[in-house]
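Just so it is clear, none of the values below were taken in a lab; they were calculated from the coordinates. Note that the coordinates shown come from a computational prediction; the quantities given were computed from them, not determined experimentally. Cβ: placed from backbone, ideal geometry, glycine included. Neighbour counts: every protein chain shown.
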Amino acid sequence: MSANLEHSKESVRDLRCRVLVAGIGSGACNVLSHSLAGWSDPPTVAAINTDARALADADIELKVAIGRTVAKGMGTGGDAELGRLAANEDLDALRALVAGHDLLLLVASLGGGTATGAAPVLARLAREEGMLVLAYVTLPFAFEGARRQEQAQEGLAALKQSADAVVCLPNQRLHAMLPPDTALPDAFAFVDRMMSAGLRGLWTLLARDNMLNLDFSDLQSLVENSGNECGFGYGEGKGPDKAAQALEGLLEGPMLEKGRVIANSGAMILSVAGGPDLSLVELETIHRRFQEAARPGARISMGAAVLGDWTGRLALTVLAAEHWLPPARSAAETVQSGGSLFFDEAPPKKEEGRAGHAGKGVRQSELPLGSASDRGRFQDVAPTIYEGTDLDIPVFIRRGIRLPT
Amino acid sequence: MNIEPIVALEIGTSRVRVFVGEAREDGALMITAVGDTASSGMRKGEIFHFDSVCACVETALRQAEEAADLKINEVYLALSGSQIEAMPSRAEIPVDGEIAQDDVDHVLKMAKEVTLPSDREILHSIFGQFGVDGLRGVTPVGLVGQTLSADMLIVHGVHSRMVNLVRVVKALKLEMAEPLFSGLCSAQAALSADQKLQGALLIDLGGGKTDYVVYAQAKIADAGVIAVGGDHVTNDVARAFRLSTTEAEALKLQHGDAMVSGAGRTRRLPLPTAAGETPRTAKLSDLQTIVHLRMEETFGLIRTRLQQQKLLPLLGGGVVLTGGGAHLKNVAQLAEKVFGLPCEIGVPRNASGLTANLAVPEYATGVGAVLHGYRGARARAEQSRGVWKKIGNWFGVN
């Protein structure tokens, strides 16, 4: 046990410098500008935008202007195709940006032109570079119009193809949490706050020497088996019954559809952040409540972080897989099953190449599955993508077959 | 009839080959020289390092020039990769009474005019058949009817990638006779007239890509490239056993097998190790599994495509495998299993060799390109009658 703890810490330490949070489009850059304030140990954050002025205003260290030719620094005017072209114009700059990282947290407010068009391009590129890509997106409010809504759905579909997992927060779900007379700016500010809180929860989870550690491999296994769609929830509480408040906010609130998402999920990650007064009973309560709410046999991983100035506060962040795919079969079973390997029912569509980033969390006796090196000699050439599958990656890795036996 | 020697250049991912063909007295084609050298600077049938490719092509050209004792000025270029694919095109025009040659020319021209995405270019427009008032496969000139239709198959690829291959030819100060899709060349060389009539699937297993060409109902019905080849098998093997590409290639060539055998489960193969390392071994069945999965996937992709096009039931002539990958042990057995059709290894037909043994599957593309050039030259020399016949001969049944 102690050995296990040690290596977890080590891998977290390794990770600290290797997470990149990138916001695409004005909405996401806005969220990131705000969410950074007050983080004790911030990750590398980058802003990517076609709108030069919005980019200049963003309070973010790294800035990448894309599409200077196609968008002329003026934004895309809501045209996703223009956003896509802009990203394609500056592939090299984007590649340079993601180089040397393990995890890309891609933040985007889908519906806008830049975010919707460029996010899938960035996600695909980062995956090609061997990164695990977690996209963290909002969908527009219904009142923002059907066109924006449609465009956002298209962007979401494209992102699901190109990212490892998409954590999606439909703004409409938040609508129910707002008082009916909320002013428009306040509504957007609330969305931004929820996004930043979630980001923070996730980052806290990964980056700190926590009381209860989760590491990259936990996130990875969730992401890889989630059917690339994650639900996201955030709740907080104050005072003596802070845990109960946070739980209630989450399980009864609209973000997880009153607990429906939890009930359907096969796997989830809970991140608890609290002050020095965070108690074992509170953690136990939280864990038990989720166990009760989830379906039998669901995998629940929990991490907890203690933040010095959080006395009397507790925040709960949940990532829940909306689908859970069973782990891959072994080589012997597959080959001996007699049936044709190729024509087996729909291979799990997403695992190719991402079968693992060989984090230190992977046991040594197992094949350290997957990494950029899976592409081997095809690393430096354009991938052969066939219906969303990168054929350059060895078939046995894509099928999750463990070799050598 | 005097026909100049025909030269074909094949720039592949693993080999660069030059074939020189000359007419024999009896009118048959004889391959008089072959240049064959290892390729570098190519991946998946496309160029990624221009200068190394040029150097390899130059070496192969010199070999062939020396062997044939002639100066090569003009080449037929067999190319692949470039996301080459095919789509059917059909045009129909109203006619009034007896169909004239003008009507035929017109309908052919219309069938060739297709709209492609801006980055794509037509490589071949292959004539299929004419139809008069719904009656297909007729010779229209002189018939009477109300509508005349023409079916063609348009083979197209990504312009920039094909141009890069053509630029090699230009860089070496050669004339380009005609760019040809390598899969069609292989089909020209390896399929018998019977197979073309009955319907057949040709798969050319190259180092960097896999071409396929389908003959159905006596005409070319589909063609395309999958950018997966022998290099992928090697890469898979290298990845699984942590070997270098060279070591993995050697292991694949010596023990690679497209089928998993019972005996493979108990037999262990020594793996190359550096001095001082503990010796490693691998189970033969693991190697077989890796190769099997990759080949089965590739064949499966083609099968899916053919199923979608409803061509699978039309392949009475079975499957023919060409290219270096056809040497893989049990590969025909695997293809039979995947397609549910008889399968054979194809070698060039209709051409005899002077020196080299031509009857190997990897020569199909090059010999096919020479054959194509030769037939074209002969047709021109004969000034054959009627447009349809000329077009019909291009990759036609005969």
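Give me the angle, in degrees from 0 to 90, between the Cα long axis of helix B:245-255 and the longest principal axis of the Cα atoms of chain B, rounded to the nearest 10. That helix lies at roughly 80 degrees to the long axis. Sorting A:Val191, B:Val158, B:Val225 by the number of Cβ atoms found within 10 Å of their own Cβ, with the fewest placed first, yields B:Val158, A:Val191, B:Val225. Considering only B:Ala379, A:Gly297, B:Val144, the residue lying farthest towards the positive end of the dipole of the protein assembly as shown is A:Gly297, judged by Cα position with unit charges set on Cβ. Once the Cβ-Cβ distance of B:Ser40 and A:Asp181 is raised to the sixth power relative to R0 = 60 Å, the FRET efficiency obtained is 0.25. Under the simplified labelling scheme, the B:Arg380-B:Thr147 pair shows an inter-label distance of 3.7 nm, with each label point 7 Å from Cα along Cα→Cβ. For the residues of B:291-300, the average number of beta carbons from a partner chain within 10 Å of their own beta carbon is 5.
Take the convex hull of the alpha carbons in the stretch A:232-321; its mean projected area over all directions comes to 4.8 nm².
Can you pull out the GluC sites (Glu not before Pro) in the stretch B:108-186 whose DSSP state is coil and whose Cβ has at most 14 other Cβ atoms within 10 Å? For GluC sites (Glu not before Pro) across the stretch B:108-186 that sit outside H, G, I, E and B with at most 14 neighbouring Cβ atoms in 10 Å, the list reads B:Glu113.
So for the stretch B:1-151, what are the equivalent ellipsoid semi-axes in whole Å, largest first, each being the square root of 5 times an eigenvalue of the Cα gyration tensor?
Numbers: eigenvalues 339, 102, 21 Å².
Largest first, the stretch B:1-151 gives 41, 23, 10 Å.
The GNM of chain B, with springs linking C-alpha atoms under 10 angstrom apart, assigns the highest mean-square fluctuation among B:Asp231, B:Asp102, B:Asp211 to B:Asp102. Pairs of Cα atoms under 8 Å, at least six residues apart: use those to get the relative contact order of chain B, whole percent. Answer for chain B is 19 percent. Across the stretch B:127-135, coupling constants 3J(HN,Hα) worked out from phi with the 6.51/-1.76/1.60 Karplus curve, θ = phi - 60°, read 5, x, 7, 9, x, 10, 6, x, 8 Hz, and Gly and Pro carry x. Between helix B:101-112 and chain B there is an angle of about 30 degrees, using the helix long axis and the longest principal axis of the Cα atoms.
Helix B:159-171 and the long axis of chain B differ in direction by around 80°, with both axes built from C-alpha atoms.
Spatial offset of the stretch A:277-302 relative to the stretch A:88-165 amounts to 32 Å, using the alpha carbon center of each. Cross-linked pairs A:Lys63/B:Lys44; B:Lys71/B:Lys252; B:Lys44/B:Lys173; B:Lys44/B:Lys219: Cα-Cα separations exceed 31 Å for A:Lys63/B:Lys44; B:Lys71/B:Lys252. Sorted on the mean count of surrounding Cβ atoms within 10 Å across their residues, most packed first, peptides A:73-83, A:310-320 read A:310-320, A:73-83. Our summary gives the stretch A:2-209 a relative contact order of 20 percent, counting only alpha carbon pairs under 8 angstrom and 6 or more residues apart.
Placing +1 on each Lys and Arg Cβ and -1 on each Asp and Glu Cβ, with no other charges, gives the stretch A:232-321 a dipole about its Cα centre of roughly 280 debye. Estimated at 0.36 nm per residue, the fully extended path between B:Glu25 and B:Arg167 surpasses their Cα-Cα distance by 47.6 nm. Within chain B, the ratio Rg/Rh, alpha carbon atoms throughout and Rh by Kirkwood, equals 1.01. Working note: 222 nm ellipticity from helices only, DSSP H runs with n ≥ 4, each -39,500 (n - 2.57), summed and divided by the residues of the protein assembly as shown, gives -11500 deg cm²/dmol to the nearest 500. The Cα-based radius of gyration of the stretch A:79-191, divided by its Kirkwood radius, gives an Rg/Rh of 1.02. Once both labels are positioned 7 Å from their Cα atoms along Cα-to-Cβ, the gap between A:Lys72 and A:Glu292 label points is 6.2 nm. Computed from Cα atoms alone, the Kirkwood hydrodynamic radius reported for the stretch B:178-335 is 16.7 Å.
Counting only residues at least eight positions apart within a chain, or on another chain, the aspartates and glutamates with an alpha carbon under 19 Å from that of B:Lys112 are B:Glu85, B:Glu92, B:Asp102, B:Asp103, B:Glu121, B:Asp151, B:Glu178, B:Asp222. Largest first, the three principal axis extents of the alpha carbons in the protein assembly as shown are 103, 72, 46 Å in whole numbers. Taking the square roots of 5 times each eigenvalue of the Cα gyration tensor of the stretch B:84-123, largest first, gives ellipsoid semi-axes of 27, 9, 8 Å.
Counting Lys and Arg as +1 and Asp and Glu as -1 over every other residue whose Cβ lies under 11 Å from the Cβ of B:Ala38, the net charge comes to +1.
Taking all Cα pairs closer than 8 Å and separated by 6 or more residues, the relative contact order of the stretch B:208-343 comes to 22 percent.
Our estimate of slack between B:Met176 and B:Ala55, defined as 0.36 nm per intervening residue step minus the Cα-Cα distance, is 41.8 nm. Bridge orientation summary for the protein assembly as shown: considering DSSP beta bridges with both residues in this region, about 55 percent are antiparallel. Using the Cβ of A:Gly198 as centre and a radius below 12 Å, the other residues enclosed give a net charge of 0, where K and R count +1 and D and E count -1.
On the beta carbon distance between A:Arg193 and A:Ala382, with R0 = 45 Å, the FRET formula returns roughly 0.65. Name the residues of the stretch B:206-224 whose amide N is less than 18 Å from a point 7 angstrom out from the Cα of B:Ala193 along the C-beta direction? Answer for the stretch B:206-224: B:215-220. Annotation: Cα Rg of the stretch A:2-209 relative to the compact-globule expectation 2.2 N^0.38 Å equals 1.00.
Based on the inverse mean of 1/r over its pairs of different Cα atoms, what is the Kirkwood hydrodynamic radius of the stretch B:87-156, in Å?
12.3 Å
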